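Just below is one structure, and these are the notes that go with it.
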Amino acid sequence: MNYYLFYALNILFFALPLALFEINLEQDQGWGGGFPRNKWYGKSFLKGTGVDKILTKITRFESPLNYHLVIMFLFVAVFVLEYLYGSQNIWLILSCFFGVNFFADFFWFSFNWHFDSFKQLLKGPNGSISWHKNWLKLGKEAYLPTNYPVWLSLSIIFFIIAQIWR
């Protein structure tokens, strides 16, 4: 399969549905803010542990809820299956992984009809988006989460490597 098509299908069939699912689930809360804390998926079994400290340092997000761990497990499972039964190019899979992470989060802000989420995203630390901890200043009053250029750059770099090492 064409690598461009493979990448686009991952975004279309993985990142977009995930973003729409989370918009319906979280609405205007984000990062599981609307989840009941007495349910297993609204809790964080990792909070305060060494693993939590490593994950929050790497991702620059708040502590992951159990819901996020399940979603990440599904991410990994899908990409392992795509590798085994699909492209068998680890660089393309890594490109898709970072691309899906970027686009799913970006789509959540772009398509969220419950509040002015994209506007709040661009306000950065001055807006109401609390789960992104580090911001990249784009202009006088515009920001993006620092993980956006990192995820997108890694996705592009791995895609180029995938093209070279077919």
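Just so it is clear, none of the values below were taken in a lab; they were calculated from the coordinates. These figures come from a predicted structure and were not determined experimentally. Heads up, the Cβs are rebuilt from the backbone with ideal geometry, glycines too, and the neighbour counts pull from every protein chain shown.
The table below lists the values:
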read-out	value
Folded to 0 to 90 degrees: helix 90-111 orientation relative to the chain principal axis, Cα	30 degrees
Modelled FRET efficiency - R0 25 Å, Leu25 with Leu138, Cβ distances, 0.05 increments	0.30
Label assignment, Rg and Dmax of the Cα atoms in Å derived from the structure, set (i) 16.4, 49; (ii) 23.3, 75; (iii) 16.7, 62	(i)
Pairwise label distance in nanometres, Tyr4 with Ile160, each label 7 Å out on the Cα-Cβ vector	1.7 nm
Choice from Pro145, Pro36, Pro17 with maximal GNM fluctuation in the chain (Cα, 10 Å cutoff)	Pro36
Residues whose placed amide H lies under 5 Å from that of Trp135, excluding near-sequence neighbours	Thr146
Modelled FRET efficiency - R0 35 Å, Arg37 with Leu74, Cβ distances, 0.05 increments	0.95
Highest-fluctuation residue, Gly32, Gly86, Gly42 considered, GNM on the chain with Cα pairs under 10 Å	Gly86
Radius 13 Å from Cβ of His68, net charge of other residues (Lys, Arg +1; Asp, Glu -1)	-3
The chain: relative contact order in percent, alpha carbon pairs under 8 Å with at least 6 residues between	27 percent
Gap separating the Cα centres of the range 1-67 and the range 108-166, nearest whole Å	14 Å
Tilt relative to the chain, helix 66-85 - C-alpha long axis, 0 to 90 degrees, to 10	10 degrees
Charge sum, other residues only, whose C-beta stays under 9 Å from Asn147's C-beta, Lys/Arg counted +1 and Asp/Glu -1	0
Relative contact order of the range 101-166, pairs being alpha-carbon contacts under 8 Å that are 6 or more residues apart, as %	23 percent
Three-way shape call for the range 98-160 based on the alpha-carbon gyration tensor, with the a/c threshold at 1.5	oblate
The chain: most fluctuating residue of Asn147, Asn66, Asn38 per GNM, C-alpha cutoff 10 Å	Asn38
Angle between the chain longest axis and helix 147-164 axis [Cα atoms, degrees, rounded to 10]	0 degrees
